[in-house]
Amino acid sequence: MLITASRIHDGKKWLPQGTTIEIDENGKVINIHAAPTADTVHYEGLITPGFVNVHCHLELSHMKGVIPEHTGLIPFLQNVTFHRNDHTEEQKINARSNAYNELINNGVVAVGDIANTPDTIDLRAKDKLHFQTFVEALGFTEANAERSMGFAVKTYERFAQQTATSKILQQSIVPHAPYSVSSALFKLIDKHTAEGIMAIHNQESIAEGQFYKTKEGNVRELLKTLGIDDSLFTPTGKSSLQSYLEWCTPDKTFIFVHNTFTQLEDVEYAQNKLKEVFWCLCPNANLYIEKTLPDINMLMRESNNLCIGTDSLASNHQLSVMAELHSIKQQYPNIDWVTLLQWATHNGARALKMDSVIGTIETGKTPGILQITGLEGNNIPVVKRLI
């Protein structure tokens, strides 16, 4: 099959006008030609590789519309805790299945999915998406670190036992967030994830920074609500990021997610200390919860490794990478589409260590092929999955 379009973005850059992609029946790129032939199928708009959703919570899909917008992070987390079990098992299964199909229909080919339970094993078995499952460990009480880690390891092992077929299935144990993981648990996670990918909800609220610097603010209220004793926690006087990275070895890939209140000095600290760093943006979730966005211009100046996530349907109206890009473009019109599309494809594939298979239109890869129309309009562009 030979295809071309008005424009083709290969995951990194625009290809020359007239470039034609040759693809076999399994979606693998066989060749890239300089010009179309009589057999070439032409598509309006543009062609890109499939999207990579680096941060999602499929197991929370049943909570769509449950939590009001603009509550702020701490009330949002309290609502998740109080209401995540308000649905029947059948409702949860149906919601996860619908969310999975929504990802596929919106052009996603790979997902970095957060898991606190083995509930999404059935979705991975569908064999339509590449999965990096981030199994979260939670526990802020130092004395209970081994027990908390044990819970996460049991869940991790359930995923690790799953046999991959045509899609990539990966998993690693990760910390949930700085305010929900003790220093002892951070160290256990770091040891277990020696060769995996470390992802963490990072600096989503001002309260997180206040807690680490002074042990004051709304995080203490959250911990109290959850019945967690913080009496042994000693404030570091530093930002949360600069504090918890002291408990982690630097020789792995780190994905910092959200970064709503991340400052320049934290970006510099992380990138100087760590081997490989990605900054994952989930703008529509940031707007849903805190009604604000990260300093994306600053992140762009400091790093080429930005990527895109959607977070969960508890904090978003849809699971659409294109809707995330559109929101960024609306708030940051200076960012061009060649850059935004790179974040959604090549950078995401690199962050999840899947770039040998997806992320770019290159010979030998099976990236998925999307058609996008309406890129220059005011509405969210339309994404159609071609392959």
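The values are calculated or read from the model by the stated rules, or taken from the named source; none is laboratory data. Keep in mind the model is a prediction, meaning the values are calculated, not measured. Neighbour counts are summed over all protein chains in view; Cβ atoms, including those assigned to glycine, are modelled from backbone coordinates with ideal geometry. Note: areas computed on protein heavy atoms with side chains; ligands, DNA, RNA excluded. Shrake-Rupley method; radii C 1.70, N 1.55, O 1.52, S 1.80 Å.
Here are the numbers:
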{"read-out": "Exposure of MET322 as accessible area (Å², to 10), given a probe of 1.4 Å and all protein chains", "value": "0 Å²"}
{"read-out": "Over the chain: helical MRE at 222 nm, DSSP H runs n ≥ 4 each giving -39500 (n - 2.57), nearest 500", "value": "-9000 deg cm²/dmol"}
{"read-out": "Placed amide H near VAL108: partners under 5 Å, 5+ positions off or other chain", "value": "PHE51"}
{"read-out": "Max mean-square fluctuation residue, GNM over the chain, Cα-Cα springs under 10 Å, options LEU245, LEU232, LEU60", "value": "LEU232"}
{"read-out": "Surface accessible to a 1.4 Å probe, VAL357 within the full protein complex, Å²", "value": "40 Å²"}
{"read-out": "Hz values of 3J(HN,Hα) by residue in the stretch 115-128 - Karplus curve (6.51, -1.76, 1.60), Gly and Pro given as x", "value": "9, 9, 9, x, 4, 9, 4, 5, 6, 4, 6, 5, 6, 10"}
{"read-out": "Area accessible to solvent at GLU221, 1.4 Å probe radius, in Å²", "value": "100 Å²"}
{"read-out": "Cα-based reach from LYS64 at 22 Å (exclusive), listing lysines while leaving out same-chain residues under 8 positions away", "value": "LYS92, LYS291"}
{"read-out": "Distant-in-sequence amide H partners of VAL174 (H built 1.01 Å from N, under 5 Å)", "value": "VAL135, GLU136, ALA137"}
{"read-out": "Solvent-accessible ranking of ASP355, ASP39, largest area first, probe 1.4 Å", "value": "ASP39, ASP355"}
{"read-out": "Normalised contact order of the chain, rounded percent, pairs of Cα under 8 Å and 6 or more residues apart", "value": "23 percent"}
{"read-out": "Among GLY237, GLY227, GLY150, residue whose mean-square fluctuation peaks in a GNM of the chain (springs only between Cα atoms under 10 Å)", "value": "GLY227"}
{"read-out": "ILE114 long-range amide H proximity, modeled H, under 5 Å", "value": "CYS56, HIS57, LEU58, PHE134"}
{"read-out": "Projected area, mean over directions - the stretch 123-255, Cα convex hull, nm²", "value": "8.5 nm²"}
{"read-out": "Local electrostatic count, LYS353, Cβ distance below 12 Å [Lys/Arg +1, Asp/Glu -1]", "value": "-1"}
{"read-out": "Candidates ALA160, ALA152, ALA99: whichever shows maximal mean-square fluctuation once the chain is modelled as a Gaussian network with Cα springs under 10 Å", "value": "ALA160"}
{"read-out": "The stretch 321-387: relative contact order in percent, alpha carbon pairs under 8 Å with at least 6 residues between", "value": "25 percent"}
{"read-out": "Relative contact order for the stretch 217-362, counting Cα pairs under 8 Å that sit 6 or more residues apart, in percent", "value": "17 percent"}
{"read-out": "Leading residue at positive end of dipole, the chain (Cβ point charges), from ALA145, MET322, GLY196", "value": "GLY196"}
{"read-out": "Per residue accessible area in Å² of the chain, where ligands, DNA and RNA are left out and the probe is 1.4 Å", "value": "40 Å²"}
{"read-out": "Accessible-area composition of the chain, carbon plus sulfur, in percent [1.4 Å probe]", "value": "48 percent"}
{"read-out": "Cα gyration tensor, the stretch 261-387 - rounded (a/c under 1.5), prolate or oblate", "value": "oblate"}
{"read-out": "Residue-by-residue Karplus 3J(HN,Hα) for the stretch 257-268, coefficients 6.51, -1.76, 1.60, Hz, glycine and proline x", "value": "10, 5, 6, 4, 10, 6, 9, 3, 5, 6, 4, 4"}
